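**Q** Quick one: the structure is below, questions incoming.
The values are calculated or read from the model by the stated rules, or taken from the named source; none is laboratory data. The shown structure was predicted, so the numbers you read here are calculated from the model rather than taken from an experiment. Every residue, glycine among them, receives a Cβ derived from its backbone with ideal geometry; neighbour counts consider all protein chains shown.
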Amino acid sequence: MQTRSILVVEDEPLLRELVATALESRGFLVHTAATAADARRAFQRVDPDGVIIDVNLGPGPNGFDLAEALVRLRPEVALVFLTNLPDPRFADRDVDGVPKGVWYLRKSAVTDIDSMVMALDAALRGAADSVRHDRDQDRPLGKLTRKQLEVLRLVAEGKSNAQIAQARGTTIKAVEDTIHRICMALGVDSAEQANTRVAITRQFLTATAGGVPQPDRP
């Protein structure tokens, strides 16, 4: 079998190196990029068989933007998202924002490198049933609406209710009602606002912090 080439697009250096090393040890020819711009240049240069893409790539285009650009260049390329985001809504996309045939792996749900490699191999082979962690019913914050997630993100950034209302073009009362519904969905007691904001912020940060696939044990 000819060596299959993979482009790993990940802005976190440690994880980028970990994934690249793991794939190389399994016979893949691996190229890496830290940003969407670097990835597009590498894609044109090395013409990979598949691409592993993080969604959050720092300032500039995100992983979804990059994936759309790469598919326009080569519709047949195998794409695997490896991200800490529970689903596309966290990147301001519709819940069905992942294209058909693309694999979506949540870092915290990938228990080891082998499971990631198996998903990549299946994607390269064109397997019909892709792994879609973004569709898991029990994914973190999966019960929240897109609007609630946006408000929760602003709360996690330390914005006051007045600042959130201004940013979203709504009233403070509307923000308060949304936060109350968030608390109900997350099972948080909203009796005290200060403690409530800390509790729901903690859940948001935990959900989006993700994890790192663990290397093989000796």
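**Q** Being part of a loop (DSSP other than H, G, I, E, B) and of a type outside the set (A, V, I, L, M, F, W, C) is the filter here; which residues of the stretch 117-153 pass it?
**A** Of everything in the stretch 117-153, those that are part of a loop (DSSP other than H, G, I, E, B) and of a type outside the set (A, V, I, L, M, F, W, C) turn out to be Arg125, Gly126, Asp129, Ser130, Asp136, Gln137, Asp138, Arg139, Pro140, Gly142, Lys143, Thr145.
**Q** Right, another one. If we scan the stretch 39-59, do we find a residue that is in contact with a Gly (Cβ under 6 Å, 6 or more places away or on another chain), among the small types (Gly, Ala, Ser) and either outside the structural domain of Leu152 (by TED's automatic domain parsing) or in contact (Cβ under 8 Å) with a residue 40 or more places away in the chain (or both)?
**A** There is no residue in the stretch 39-59 that is in contact with a Gly (Cβ under 6 Å, 6 or more places away or on another chain), among the small types (Gly, Ala, Ser) and either outside the structural domain of Leu152 (by TED's automatic domain parsing) or in contact (Cβ under 8 Å) with a residue 40 or more places away in the chain (or both).
**Q** Might you check whether a residue that is surrounded by fewer than 16 Cβ atoms within 10 Å (Cβ to Cβ) and closer than 29 Å to Ala33 by Cα occurs anywhere in the stretch 160-167? Quick ask: steps written out before the conclusion?
**A** Applying the first criterion (surrounded by fewer than 16 Cβ atoms within 10 Å (Cβ to Cβ)) to the stretch 160-167 yields 160, 162-163, 166-167.
After this cut, where a residue has to be closer than 29 Å to Ala33 by Cα as well, the list is none.
Checked the stretch 160-167: no residue is surrounded by fewer than 16 Cβ atoms within 10 Å (Cβ to Cβ) and closer than 29 Å to Ala33 by Cα.
**Q** While we're here: Across the stretch 13-34, what is the total count of residues that are buried (at least 17 other Cβ atoms within 10 Å of the Cβ) and either in contact (Cβ under 8 Å) with a residue 60 or more places away in the chain or not small (Gly, Ala, Ser) (or both)? Walk me through how you get there before you give the answer.
**A** As a first pass, look at the stretch 13-34 and keep what is buried (at least 17 other Cβ atoms within 10 Å of the Cβ): 15-16, 18-20, 22-23, 28, 30-34.
So of that shortlist, the ones also either in contact (Cβ under 8 Å) with a residue 60 or more places away in the chain or not small (Gly, Ala, Ser) (or both) come out as 15-16, 18-19, 22-23, 28, 30-32.
Result for the stretch 13-34: 10.
**Q** Moving on to the next point. Give me the residue from the stretch 106-120 that is under 11 Å from the mean Cα position of the chain (by Cα) and surrounded by fewer than 22 Cβ atoms within 10 Å (Cβ to Cβ) and, out of that set, nearest to Val55 (Cα to Cα).
**A** In this case the residue turns out to be Lys107.
**Q** Only one of Lys107, Lys100, Lys147, Lys143 is closer than 21 Å to Arg26 by Cα and of a type in the set (Lys, Arg). Can you tell me which?
**A** From the options Lys107, Lys100, Lys147, Lys143, the qualifying one is Lys107.
**Q** On to the next question. Pairs needed: first member in the stretch 129-150, farther than 14 Å from Ala109 by Cα; second member anywhere, hydrophobic (A, V, I, L, M, F, W, C) and exposed (fewer than 15 other Cβ atoms within 10 Å of the Cβ); C-beta distance under 8 Å; at least 6 residues apart or different chains.
**A** Arg146/Val95
**Q** Sticking with this structure for a sec: Considering every residue within the stretch 121-139, establish whether at least one is surrounded by fewer than 14 Cβ atoms within 10 Å (Cβ to Cβ), of a type in the set (Gly, Ala, Ser), out of contact with any helix residue (DSSP H, G or I) (no Cβ under 6 Å at 6 or more places or on another chain) and not assigned by TED's automatic domain parsing to the domain that holds Val71.
**A** No, the stretch 121-139 has no match at all.
**Q** When only residues in the stretch 123-174 that are in contact with a strand residue (DSSP E or B) (Cβ under 6 Å, 6 or more places away or on another chain) and among the charged types (D, E, K, R) count, which is farthest from Ala185 (Cα to Cα)?
**A** Here is the first cut: in the stretch 123-174, the residues in contact with a strand residue (DSSP E or B) (Cβ under 6 Å, 6 or more places away or on another chain) are 123-124, 130-134.
Imposing the further condition that a residue be among the charged types (D, E, K, R) reduces the set to 132, 134.
Values: Arg132: 23, Asp134: 18 Å.
Looking at residues that are in contact with a strand residue (DSSP E or B) (Cβ under 6 Å, 6 or more places away or on another chain) and among the charged types (D, E, K, R), I get Arg132.
**Q** I'm trying to understand the selection: among the residues of the stretch 171-192, which are modelled with pLDDT under 90 and surrounded by fewer than 13 Cβ atoms within 10 Å (Cβ to Cβ)?
**A** Selection gives Gly187, Asp189, Ala191, Glu192.
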